[in-house]
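The values are calculated or read from the model by the stated rules, or taken from the named source; none is laboratory data. None of the values given here were measured: they were computed from a predicted structure. Virtual Cβ from ideal backbone geometry, glycine too; neighbours counted across all protein chains shown. With ligands, DNA and RNA removed, areas are computed over all heavy atoms of the protein, side chains included. Shrake-Rupley method; radii C 1.70, N 1.55, O 1.52, S 1.80 Å.
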Amino acid sequence: PSILNPYDEYALTKMLEMRSEGDEVIVFTMGPPQARDAMVKCLELGADEAYLITDRAFAGADVWATARALTAFILKFVPDADLYVFGRQAIDGDTGQVPYEVAAQLGVQQFAYTEGLTRDGDGFIAVQDYGDTRRTCRVPRGSVVSFGAVDPNGSLPTISGYLRARGMEVREVDRVAIGLGVYSVGLKGSMTKIVSTR
């Protein structure tokens, strides 16, 4: 069944924990229509808005084509966000490269394997865990941050969060809405092709 990716769920809970008065947490994903359920869960957990980037033309997208669609969405719908936050990787594809390709396409800094994030003046301070090395660094606004952990217990929405989400819309956005042609998305827009698998 389609579920909210645990890495993304962890990243969302971190953003909700540090949300201040006036902040908005906007969630989005690229996927088939059933990915709407994951966006509803994000709303139940406390997100303010949710977008599902969905189009049959997105099918078969590799890392580059996925990042291109996400970047096009960001530039059109949330170009001035303080941060672009991702989980480390998807649990079905497992490449772990999409956040960094989005950062490259946006031309912004990237911060991987983040385990903690706090506000610091006009930016943020990230603590990154690379296994044998921990690093603390300053994160400028507009950067891409990916969280490397999961909460093994997951997150449960409150009853008020559940009820609140019932009245909220998950907005659907297709390739035309983000300004991409059919040959720049999905399998046709991918740089890699899987010829065979054994």
Return a yes/no flag: does the range 154-176 have any residue that is surrounded by fewer than 16 Cβ atoms within 10 Å (Cβ to Cβ), within 19 Å of the chain's Cα centre (by Cα), closer than 26 Å to ALA11 by Cβ and modelled with pLDDT under 95.
yes
Starting from residues that are open to solvent by 20 Å² or more (accessible area, probe 1.4 Å) and of a type in the set (A, V, I, L, M), keep the ones in the range 83-102 and report whichever is farthest from SER2 (Cα to Cα).
LEU83
Single residue of the range 11-25 satisfying the filter (farther than 18 Å from MET168 by Cβ and in contact with a Lys or Arg (Cβ under 9 Å, 6 or more places away or on another chain)) that is most open to solvent (accessible area, probe 1.4 Å):
SER20
Residue check for THR13: of a type in the set (Ser, Thr, Tyr) and over 30 Å from LYS193 (Cβ atoms):
yes
Can you tell me which of (1) of a type in the set (Val, Ile, Thr); (2) open to solvent by 60 Å² or more (accessible area, probe 1.4 Å); (3) touching a residue at least 24 places away in the same chain (Cβ under 8 Å) is the one THR133 doesn't meet?
(3)
Hey, can you tell me all the residues within the range 177-198 that are open to solvent by less than 100 Å² (accessible area, probe 1.4 Å), outside any helix (DSSP H, G or I) and of a type outside the set (Ser, Thr, Tyr)?
ALA177, ILE178, GLY179, LEU180, GLY181, VAL185, GLY186, LEU187, GLY189
I'd like to verify a number: residues in the range 67-82 that are open to solvent by 30 Å² or more (accessible area, probe 1.4 Å) and either under 16 Å from TYR100 (Cβ atoms) or not aromatic (Phe, Trp, Tyr) (or both), how many?
7
Taking the range 138-176 and keeping only residues that are outside any loop (DSSP other than H, G, I, E, B), of a type in the set (Gly, Ala, Ser) and touching a residue at least 24 places away in the same chain (Cβ under 8 Å), one is left with SER143, SER146, GLY161, ALA165
